[in-house]
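Comments concern the structure below.
The values are calculated or read from the model by the stated rules, or taken from the named source; none is laboratory data. In this text the structure is predicted, and so the values were computed from the model without any measurement. All Cβ positions, glycine included, derive from the backbone under ideal geometry; neighbour counts span all protein chains shown.
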Amino acid sequence: MLSFTPANNTFTATSARMFKLALPITIGQLAIFGMSVTDIIIAGRLSTNDLAAVTLGSTVFNLSIMLVIGIILGNGPIIGQLFSAGKTRALKEQFQNCLWLSLPLGLLCSLFIGTGIVLLPQLDSPAEITNIAIRYLFPMLGSAFLLPYIMTFRTTFESMGQARTAMVFNLAGFAINIPLDYILVMGDWGMPALGGAGCGWATFIVSLLIVGGEALYARSARTLRAYQLLNFKQAFDGERIKETLRLGLPIGGAILAEGGFFLLIPLLIAHLGAVTVSGHSVAISFDWMMFMIPMGISQAISILIAHELGRHQAYQAQVMCTTGLILTAAIALCQGAFVLLFREQIAALFTPDTAVQKLAASLLVYAAIFRVFDAINIGGNGALRGYKDTRITLILAFVGYWLIGFPLSYSLALSDLWGAPLGVEGFWIGMVIALIITASLTTTRLYFTARNAVLKSRQA
């Protein structure tokens, strides 16, 4: 743990400041993730095959966007430091060049999903599930193209201290997605019943509305008029694009390394049947919903550290690190206890299928165990983003998840190397071990990064 000797009220004051920023970020992220949960719940109420198909389709979609999400996250600490330093023109240029960057990134996301559509039939899964998943993914091509623009607006608003703005748009999208899902999946108000594919069309419509609303706000909001964010008078700046990529590519690679580790599991267990895929989907979906809370704090840590470094306050940035890790760990302990106590009730909320409920409840035990280590890891990654120390996160994620975690998980789940194959449970055991290793590596790196920043500031 990073060490500091604060005054009596330092931890309380810093925690309050962090929560003030983290709360709207977390609510906004829960709203976006809630759209996926809504998809799973409504698809699960329709049939187990539709639930499995939406799970497979969501896996392809999420794998396709992770690298790009990380790249755009690199925009956050840049905007945060420019904002705290009062560099209005530079901030505007950074935002606009991130929008330029969003065009090829959006096309790249769509290309990845198109590749997934082509490859899905090669999986050893029932034809009916594969066909539903492909129909779900077609409208998601448009959602993937719009995603970098949504992320650019969101990271800019949050880093300028307007996290509530991003939260409002995300909450509106979540609220609109619920009736859209029901109407398009089940068929109502004269609309045909599209089944699981209706979830994809609902997401595309909501994505269009969010992008349009955010652009309108950026142009007309009184608090943003001085920045003229959408007044494109400056020329394309390759150097700003390079800086965003320099910070964002390692973040994206680390997110892909971690997320890909989790999201490949449904593809590797597809041959085990709809119940196994659906049980895993329920457990991982609820855990990801829990994950949004430490993720929100992680974003707040990143922004606040960027602000402090923009003011040349390295010691206060170190305080932010320590406070953030304590908060994420404490909250994760509470989350783990909640999941252990109510895992059966949680599983029943997602599906009426008793076989799926039983498997999901057993997997949630592992989710409760690794929740603490995952929270510490994501908090540490957020702090490293604030310091613009992002390349190391890719290396640590690759070592923890792929050199150690994946071989161990695969051998436990689908081979007889350690005895009888454990099936999907083996993957969850491997996930726990991978997270323990990665969290330890991340916090060690953060300790030295924060300490060196303080020493450097004292020497200046």
Exercise. Do we have any residue at all in the range 231-243 that's out of contact with any Leu (no Cβ under 8 Å at 6 or more places or on another chain), surrounded by 17 or more Cβ atoms within 10 Å (Cβ to Cβ) and more than 30 Å from Gly430 (Cα to Cα)?
Worked result: yes
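Just to be sure before I move on: is Leu264 within 30 Å of Pro121 (Cα to Cα) and surrounded by fewer than 18 Cβ atoms within 10 Å (Cβ to Cβ) in the structure I sent?
yes
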Of the residues in the range 415-441, those that are farther than 14 Å from Val372 by Cα and within 20 Å of the chain's Cα centre (by Cα) come to Trp428
Would you check if Phe398 is among the aromatic types (Phe, Trp, Tyr), under 22 Å from the mean Cα position of the chain (by Cα), surrounded by fewer than 20 Cβ atoms within 10 Å (Cβ to Cβ) and at pLDDT below 90?
-> yes
**Message:** So for the range 38-61 (the condition being closer than 17 Å to Gly296 by Cβ, surrounded by fewer than 24 Cβ atoms within 10 Å (Cβ to Cβ) and modelled with pLDDT under 80), does at least one residue qualify?
**Reply:** no
message = Looking at the structure I just gave you, is Ser3 surrounded by fewer than 18 Cβ atoms within 10 Å (Cβ to Cβ) and either more than 23 Å from Leu263 (Cα to Cα) or at pLDDT below 85 (or both)?
response = yes
Residues in the range 361-402 that are assigned to a helix (DSSP H, G or I), farther than 16 Å from Gly336 by Cβ and in contact (Cβ under 8 Å) with a residue 24 or more places away in the chain total 18
Please verify whether Glu258 is crowded, with 23+ Cβ neighbours inside 10 Å and among the charged types (D, E, K, R), treating the condition exactly as stated.
yes
Of Ala226, Ala172, the only residue that is touching a helix residue (DSSP H, G or I) at 6+ places or on another chain (Cβ under 9 Å) and under 24 Å from Gln81 (Cβ atoms) is Ala226
Exactly one of Ile210, Ile251, Ile176 is in a helix (DSSP H, G or I) and surrounded by fewer than 20 Cβ atoms within 10 Å (Cβ to Cβ), and that one is Ile176
Expected output for the range 95-109 (first residue in contact (Cβ under 8 Å) with a residue 60 or more places away in the chain and surrounded by 19 or more Cβ atoms within 10 Å (Cβ to Cβ), partner in a helix (DSSP H, G or I) and among the small types (Gly, Ala, Ser), Cβ below 9 Å, 6+ apart or cross-chain) is Phe95/Ala218; Asn97/Gly238; Leu101/Gly248
In the set Ala202, Ala163, the lone residue that is aliphatic (A, V, I, L, M), closer than 26 Å to Arg135 by Cα, in contact (Cβ under 8 Å) with a residue 60 or more places away in the chain and surrounded by 23 or more Cβ atoms within 10 Å (Cβ to Cβ) is Ala202
Being within 30 Å of Thr223 (Cα to Cα) and hydroxyl-bearing (Ser, Thr, Tyr) narrows Ser102, Ser125 down to just Ser102
Margin query: Scan the range 187-198 and tell me whether some residue there is outside any loop (DSSP other than H, G, I, E, B) and in contact (Cβ under 8 Å) with a residue 40 or more places away in the chain.
Written below: yes
Phe261 fails exactly one of (1) closer than 27 Å to Gly34 by Cα; (2) modelled with pLDDT of 90 or more, namely (2)
Per the filter on the range 322-339, residues within 17 Å of His307 (Cβ to Cβ) and within 20 Å of the chain's Cα centre (by Cα) are Gly324
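Residue by residue, here is whether (1) among the polar types (S, T, N, Q); (2) touching a residue at least 40 places away in the same chain (Cβ under 8 Å); (3) surrounded by fewer than 23 Cβ atoms within 10 Å (Cβ to Cβ); (4) not in a loop (DSSP other than H, G, I, E, B) holds:
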{"position": "Pro121", "(1), (2), (3), (4)": "no, no, yes, yes"}
{"position": "Glu128", "(1), (2), (3), (4)": "no, yes, yes, yes"}
{"position": "Ile132", "(1), (2), (3), (4)": "no, yes, no, yes"}
{"position": "Arg135", "(1), (2), (3), (4)": "no, yes, yes, yes"}
{"position": "Glu158", "(1), (2), (3), (4)": "no, yes, no, yes"}
Picking from Ile346, Ile404, Ile392, Ile369, the residue that is under 15 Å from Thr449 (Cα atoms), at pLDDT below 90 and either surrounded by fewer than 24 Cβ atoms within 10 Å (Cβ to Cβ) or touching a Lys or Arg at 6+ places or on another chain (Cβ under 7 Å) (or both) would be Ile392
Counting only residues in the range 137-156 that are of a type in the set (A, V, I, L, M, F, W, C) and under 19 Å from Ser220 (Cβ atoms), the one surrounded by the most Cβ atoms within 10 Å (Cβ to Cβ) is identified as Phe153
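One residue is enough: does the range 281-289 have a residue meeting the conditions in contact (Cβ under 8 Å) with a residue 40 or more places away in the chain, surrounded by fewer than 16 Cβ atoms within 10 Å (Cβ to Cβ), in a helix (DSSP H, G or I) and aliphatic (A, V, I, L, M)?
Checking the range 281-289: not a single residue is in contact (Cβ under 8 Å) with a residue 40 or more places away in the chain, surrounded by fewer than 16 Cβ atoms within 10 Å (Cβ to Cβ), in a helix (DSSP H, G or I) and aliphatic (A, V, I, L, M).
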| task | For Ser84, indicate whether it is farther than 23 Å from Ile284 by Cα, in contact with a His (Cβ under 9 Å, 6 or more places away or on another chain), among the small types (Gly, Ala, Ser) and in contact (Cβ under 8 Å) with a residue 12 or more places away in the chain. | result | yes
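Just need a number here: residues in the range 419-454 that are assigned to a loop (DSSP other than H, G, I, E, B) and touching a Leu at 6+ places or on another chain (Cβ under 6 Å).
Here the count works out to 2.
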